[in-house]
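Quick note: the coordinates plus some simple rules give every number you see, no bench work behind them. Computed from a predicted model, the values in this text were never measured in an experiment. Reconstructed Cβ throughout: ideal geometry from the backbone, glycine too, with neighbour counts over all protein chains shown.
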């Protein structure tokens, strides 16, 4: 019980520390380069890229398994990877090569995490908004 509370506190403190670090990092890139590394536009482009890449890979694997056309999945994955690379290239253009690569790695990790968590929040929000009610079977 005590360990659960301590691990919860430690995890919360760690998350707050990372959040503060990311805010400081964003402020530093704005001050030094006039460019915010964490921005809504780059987040949206990255999330669309991740989704297209994931769907494309799943489509490609299914097509391979069923001996169907693999081109559609490959095209979707290519478009998704291109969007992610677009964000990385923009980061490098706005900063230096080394800084842009490191910031892009941090950005990819943060955006993947936020996209993963955000997906579940959206599903929960849709479930709450749609007012789902339990279904009862009367006749068996």
query: For residue 135 and residue 70 in one chain, what is 0.36 nm times their gap in residues minus the Cα-Cα distance, to one decimal in nm?
result: 19.4 nm
query: Where in region 83-104 is the amide nitrogen less than 19 Å from a point lying 7 Å along the Cα-to-Cβ axis of residue 44?
result: 83-91
field: Distance histogram in 10 Å bins (all Cα pairs of the chain, percent per bin)
entry: 10, 26, 26, 23, 12, 3, 1
- prompt: Can you give the relative contact order of region 1-119 as a percent, counting alpha carbon pairs under 8 Å and 6+ residues apart?
  reply: 22 percent
- prompt: So how do 4, 69 line up by other beta-carbon neighbours within 10 Å, fewest first?
  reply: 4, 69
field: Rounded FRET efficiency, nearest 0.05, which uses the C-beta distance separating residue 86 from residue 6 and R0 of 41 Å
entry: 0.45
Cα pair distances of region 1-81 binned at 10 Å [whole percent]: 17, 22, 20, 23, 16, 1
